Amino acid sequence: MKAKRQQLSLTSWGRVRARREIAAEGLEYDLHLHEEIELALFDEGCGELFAFDHSLQVPEGGVYAVHAEVAHTFVSHPRGAGVRALVVHFPRAVLQNFDAPSCLPTRKHSAAALVFDGPASSNLRALFRDVVELTDDGEDPVRGMEVRAALYRLLAALSRTQVAGRVPRQEATQRGGADGARLTEVYNYVNHRLAGEIELSEAARRAGMRTESFCRFFKRTTGQTFTHYVNGARLAHAARELVAGNRPVLELCYECGFQNASYFHRRFKERYGVTPREYRRHYSANGGAPELPASGRF
């Protein structure tokens, strides 16, 4: 599945987008990315956040953060269950006068995405609501200052909140620029061709590099080989589909680009600690994915 680029509408003065997300039949976002950082608090409902080739459980009352330019999606659990959330988007530019690594949770924890530990405190809920209500209340320079001040208070509180799980950040998501553009092009190529053949030479061409240079670049900027990333992206897609529906495991195996069922089962169990069928069964019975083995933790 190709990650769709979203253009978000931000307030002209505060440069923040904040809203209440209410979905009586659950959430199941398409894979997408945007230039803004995303924060979400789930007042009601829970689910699974997928970013790059990893997944994180988001409990009811939980809070997650996703860095800018990170392809991600969210599937509520159980499928079709109601969800109420407070969602905030803002560009990195709103922190340009601050020490961003200290103020931004994803930067502080070197994460592409992260979930905070346990249900949100009443203080965090109030801070999320402040941002949403101020953003809803019109636009002018003073209102923009108030929106930003509310956002800064929220980020300060999150910087002191324990993290339960994280997706490691690819180096290029921090640097952006040419490296970020190259990797985004490669990620889109991989996600668009999960069911088919993914060629190293084509990925290198899309990054504007020779194959050998691309292999070194990808390993240096992401911390993993291109083959490892492709397998991880395919397995993450399989995990999403396992919890989102009841399609046969063998069908998902081929849809994710694995031509050998036993190889697919072996790689899935190495990553998630259980077979695909056990993953689906555990998710359905317990409201979340099984506990990952120590080697598979983020």
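The values are calculated or read from the model by the stated rules, or taken from the named source; none is laboratory data. Because the structure is predicted, anything quoted here is derived from the model rather than measured. Because the Cβ atoms are built from the backbone with ideal geometry, glycine has one as well, and the counts that use them run over all protein chains shown.
Identify all residues within segment 92-131 that are over 14 Å from residue 156 (Cβ atoms), assigned to a loop (DSSP other than H, G, I, E, B) and hydrophobic (A, V, I, L, M, F, W, C); write none if there are none.
120
Restricting to segment 14-71, and then to whatever is among the hydrophobic types (A, V, I, L, M, F, W, C) and not in a strand (DSSP E or B), can you tell me which residue is farthest from the chain's Cα centre (by Cα)? Before you say what the answer is, go through the steps one by one.
First, the residues of segment 14-71 that are among the hydrophobic types (A, V, I, L, M, F, W, C): 16, 18, 22-24, 27, 31, 33, 37, 39-42, 46, 49-52, 56, 58, 63, 65-66, 68, 70-71.
Retained after the next criterion (residues that are not in a strand (DSSP E or B)): 16, 24, 27, 31, 52, 68, 70-71.
Working: 16: 19, 24: 22, 27: 14, 31: 9, 52: 7, 68: 10, 70: 6, 71: 6 Å.
So, considering only residues that are among the hydrophobic types (A, V, I, L, M, F, W, C) and not in a strand (DSSP E or B), the one farthest from the chain's Cα centre (by Cα) is 24.
This table checks each residue for (1) within 19 Å of the chain's Cα centre (by Cα); (2) farther than 20 Å from residue 51 by Cβ; (3) basic (Lys, Arg).
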position: 196; (1), (2), (3): no, yes, no
position: 205; (1), (2), (3): no, yes, yes
position: 217; (1), (2), (3): no, yes, no
position: 220; (1), (2), (3): no, yes, yes
position: 236; (1), (2), (3): yes, no, no
position: 240; (1), (2), (3): yes, no, yes
position: 243; (1), (2), (3): yes, no, no
position: 253; (1), (2), (3): no, yes, no
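Restricting attention to segment 145-153, does a residue exist that is in contact with a Pro (Cβ under 8 Å, 6 or more places away or on another chain), within 27 Å of residue 59 (Cβ to Cβ) and buried (at least 22 other Cβ atoms within 10 Å of the Cβ)? First the steps, then the outcome.
Taking segment 145-153 as the starting set, the residues that turn out to be in contact with a Pro (Cβ under 8 Å, 6 or more places away or on another chain) are none.
No: segment 145-153 contains no residue that is in contact with a Pro (Cβ under 8 Å, 6 or more places away or on another chain), within 27 Å of residue 59 (Cβ to Cβ) and buried (at least 22 other Cβ atoms within 10 Å of the Cβ).
Among 105, 141, which is the only one that is over 30 Å from residue 230 (Cβ atoms) and not charged (D, E, K, R)?
Values: 105 fails: over 30 Å from residue 230 (Cβ atoms).
Sole residue among the options that is over 30 Å from residue 230 (Cβ atoms) and not charged (D, E, K, R): 141.
When segment 186-241 is examined, which residues are found to be touching a Lys or Arg at 6+ places or on another chain (Cβ under 9 Å), within 21 Å of residue 265 (Cβ to Cβ) and of a type in the set (D, E, K, R)?
Result: 234, 241.
Would you check if residue 268 is closer than 17 Å to residue 48 by Cβ, of a type in the set (Phe, Trp, Tyr) and modelled with pLDDT of 90 or more?
yes
Would you check which residues across segment 191-229 are of a type in the set (Val, Ile, Thr), at pLDDT 85 or above and either touching a helix residue (DSSP H, G or I) at 6+ places or on another chain (Cβ under 6 Å) or in a loop (DSSP other than H, G, I, E, B) (or both) and list them?
From segment 191-229, those of a type in the set (Val, Ile, Thr) are 198, 211, 221-222, 225, 227; that's our starting set.
Right, trim to at pLDDT 85 or above and you get 198, 211, 225, 227.
198, 211, 225, listed by residue number.
Test residue 81 against the stated conditions and say whether it is assigned by TED's automatic domain parsing to the domain that holds residue 148 and part of a loop (DSSP other than H, G, I, E, B).
Values: assigned by TED's automatic domain parsing to the domain that holds residue 148: yes; part of a loop (DSSP other than H, G, I, E, B): yes.
In short, yes.
Quick one: which of 288, 257, 232 is at pLDDT 85 or above and assigned to a loop (DSSP other than H, G, I, E, B)?
Details: 288 fails: at pLDDT 85 or above; 232 fails: assigned to a loop (DSSP other than H, G, I, E, B).
Only one candidate qualifies: 257.
If I ask for residues that are among the small types (Gly, Ala, Ser), within 28 Å of residue 45 (Cβ to Cβ) and either without any contact (Cβ under 8 Å) to a residue 60 or more places away in the chain or not assigned by TED's automatic domain parsing to the domain that holds residue 67 (or both), which ones from segment 84-111 would you list? Steps first, answer last, please.
Filtering segment 84-111 down to residues among the small types (Gly, Ala, Ser) leaves 85, 93, 100, 102, 110-111.
Checking which are within 28 Å of residue 45 (Cβ to Cβ) leaves us with 85, 111.
Selection gives 111 alone.
Among what's in segment 76-110 and is out of contact with any Cys (no Cβ under 9 Å at 6 or more places or on another chain), modelled with pLDDT under 90 and aliphatic (A, V, I, L, M), pick the residue that is nearest to residue 245 (Cα to Cα).
104
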